[in-house]
Amino acid sequence: MDNQQFIYKIKELCKKNDISISTLLISCNLRKSFVYDIEKRNAKPSVEIIEQISNYFNCSVDYLLGRTDNPNSHKQ
């Protein structure tokens, strides 16, 4: 997983949905240092956290991980 790509997608989705990173973190019950830890400390988020963020934005996990450019690739 490319951490920079993952954080870029999160920031992009926040901007597109007109919400702050703080709002996302609070809504998903994530610690304030979540983004910093991934960007600077090379921490790896759990599958559960990735899925939670995916559900929050109603997009695919593959989109968050940069495997597809289609955020709706999980919908049939």
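Of the residues that sit in the range 51-60 and are polar (S, T, N, Q) and assigned to a helix (DSSP H, G or I), which one is surrounded by the most Cβ atoms within 10 Å (Cβ to Cβ)?
Quick first cut of the range 51-60, residues polar (S, T, N, Q) only: 52, 54-55, 58, 60.
From what is left, the residues that are assigned to a helix (DSSP H, G or I) are 52, 54-55.
Working: GLN52: 15, SER54: 20, ASN55: 11.
So the residue we want is SER54.
Across the range 62-76, the qualifying residues are those that are within 11 Å of LYS9 (Cβ to Cβ) and not acidic (Asp, Glu), and the one among them that is nearest to the chain's Cα centre (by Cα) is LEU64. Any residue at all in the range 61-69 that is surrounded by 14 or more Cβ atoms within 10 Å (Cβ to Cβ), touching a His at 6+ places or on another chain (Cβ under 6 Å) and among the small types (Gly, Ala, Ser)? Checked the range 61-69: no residue is surrounded by 14 or more Cβ atoms within 10 Å (Cβ to Cβ), touching a His at 6+ places or on another chain (Cβ under 6 Å) and among the small types (Gly, Ala, Ser). Just checking, does the range 9-21 include any residue being exposed (fewer than 13 other Cβ atoms within 10 Å of the Cβ) and among the hydroxyl-bearing types (Ser, Thr, Tyr)? Checked against the condition, which is being exposed (fewer than 13 other Cβ atoms within 10 Å of the Cβ) and among the hydroxyl-bearing types (Ser, Thr, Tyr), the range 9-21 yields at least one hit.
Within the range 34-61, residues that are in contact (Cβ under 8 Å) with a residue 12 or more places away in the chain and more than 18 Å from LEU13 (Cβ to Cβ) sit with their Cβ atoms under 9 Å from residues that are among the hydrophobic types (A, V, I, L, M, F, W, C) and surrounded by fewer than 16 Cβ atoms within 10 Å (Cβ to Cβ), at 6+ positions apart or across chains, in these pairs: LYS44/MET1. Limited to the range 26-50, what total is found for residues that are more than 10 Å from the chain's Cα centre (by Cα) and in a helix (DSSP H, G or I)? Summing the residues that are more than 10 Å from the chain's Cα centre (by Cα) and in a helix (DSSP H, G or I) in the range 26-50 gives 10.
Within the range 13-29, one or more residues are of a type in the set (Lys, Arg) and at pLDDT 95 or above. Could we say that ASN72 is closer than 17 Å to ASN3 by Cβ and either at pLDDT below 95 or in contact with a Pro (Cβ under 7 Å, 6 or more places away or on another chain) (or both) here? Considered against the rule, which asks whether it is closer than 17 Å to ASN3 by Cβ and either at pLDDT below 95 or in contact with a Pro (Cβ under 7 Å, 6 or more places away or on another chain) (or both), ASN72 comes out as no.
The values are calculated or read from the model by the stated rules, or taken from the named source; none is laboratory data. Just so you know, these numbers come straight off a predicted model, no measurement behind them. For neighbour counting, all protein chains shown are included, and Cβ atoms are generated from backbone atoms with ideal geometry for every residue, glycine included.
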